[in-house]
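Below is one structure, written out as structure tokens; the observations come after it.
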Amino acid sequence: MQSLEGRVALITGASRGIGRAIAVELAAQGATVVVNYRSNQDAASAVVDEIIGAGGKANAIGADVSQFEAAGDLVAQTIEQHGQLDILVNNAGIARDNLILRLGEDDWDTVIETNLKSVFNTCKAVFKPMMRKRYGRIINISSVSGIAGNAGQTNYSASKAGMIGFSRALAREAATRGITVNVIAPGFISTDMTEDLTEDLKDLSLAAIPLGRWGDAQEVAYAVAFLASERAGYITGQVLSVDGGMVMA
Ligand code: NAP
């Protein structure tokens, strides 16, 4: 039997990159998947088509998860369409890098709202339904930048560190309700987000990765699929780095 058969999973920001790989992997494990996106409807439809073409179940729902009401509606629509919601993966995220001297207020607010407030928005919406079912898996996609910090990313690192604190607090609140909350901290993964880094920075990053290469979105997806499964039932409040050994804490 596939490990996620009978489960419904919502993945935010699943139209591209890591979110896309997570959606495809959870569907391959038998979950019915809701592919959330912000603006790129064609890309989200392509993910849905790929999943259905492989014999899985999926549909796309557009919503800006940084907005409290929109995130709540996304969760409500998922439950309305599928009758339940067992797995929430908070993956939607953006970067707006700059050194503090040049970082604008808007760069700060937008990154915090998209990466951190969105997690509050969706978790608040799923908590009651998961509590009633006495089952839930919440997996939040943070970053090594949230653990070690990264120059030029005060806004991004703060948002990603915030996700870790939020997840640990929620894990303590949720544990007696049968809900686990865990964090994945990817290192350098090849996606649209990292494509624009200069060749110099890419070379520098390699020197800091013991495994000597960047990761693939699929490698993050495998870790998410494990934490989303019943086999991970005794793991909560943890941060799992998927980073080639870059940050060992
Ligand atoms: P990406 O390729 O840029 O894709 C970002 C995804 O997030 C897209 O699907 C985008 O939707 C969606 N999104 C952005 N803002 C949104 C919002 N307000 N509401 C709903 N969806 C929104 O990024 P990625 O590299 O796959 O990163 C995915 C996650 O992993 C992010 O949280 C990122 O911080 C984290 N991460 C990435 C790396 C890396 O090396 N790539 C490393 C560590 C952590 P549209 O397509 O509609 O724009």
If I filter region 192-213 down to residues being among the aliphatic types (A, V, I, L, M) and within 14 Å of the ligand (Cβ to nearest atom), which single residue comes out as nearest to G93 (Cα to Cα)? M193
Give region 16-36 a look and list any residue that's outside any loop (DSSP other than H, G, I, E, B), touching a Ser or Thr at 6+ places or on another chain (Cβ under 9 Å) and of a type in the set (S, T, N, Q), or say none. N36
Any idea how many residues of region 39-80 are more than 14 Å from the ligand (Cβ to nearest atom) and either touching a Leu at 6+ places or on another chain (Cβ under 6 Å) or in a loop (DSSP other than H, G, I, E, B) (or both)? 4
Can you list residue pairs whose Cβ atoms sit under 6 Å apart, with the first residue in region 81-101 being closer than 20 Å to I138 by Cβ and the second being assigned to a loop (DSSP other than H, G, I, E, B) and within 16 Å of the ligand (Cβ to nearest atom)? Count only pairs 6 or more apart in sequence or on different chains. N90/T12; N91/T12; N91/G13; A92/T12; A92/G13; A92/V65
Run down G165, G187, G136, G146 and say which single residue is surrounded by fewer than 16 Cβ atoms within 10 Å (Cβ to Cβ) and either at pLDDT 95 or above or among the aliphatic types (A, V, I, L, M) (or both). G165
Regarding region 83-91, can at least one residue be identified that is under 14 Å from the mean Cα position of the chain (by Cα) and open to solvent by 10 Å² or more (accessible area, probe 1.4 Å)? yes
Six or more apart or on different chains, Cβ atoms under 9 Å: show the pairs whose first residue is in region 209-223 and in a loop (DSSP other than H, G, I, E, B) and whose second is more than 12 Å from the ligand (Cβ to nearest atom) and not aliphatic (A, V, I, L, M). I209/G245; P210/G245; L211/G245
Does any residue of region 17-33 turn out to be in contact with a Leu (Cβ under 8 Å, 6 or more places away or on another chain), closer than 20 Å to S159 by Cα, within 15 Å of the ligand (Cβ to nearest atom) and at pLDDT 95 or above? no
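The values are calculated or read from the model by the stated rules, or taken from the named source; none is laboratory data. Keep in mind it's a predicted model, so treat the numbers as computed, not measured. Glycine gets a Cβ as well: all are built from the backbone with ideal geometry, and neighbour counts include every protein chain shown. Only protein heavy atoms, including side chains, enter the accessible area calculation; ligands, DNA and RNA are left aside. Shrake-Rupley method; radii C 1.70, N 1.55, O 1.52, S 1.80 Å.
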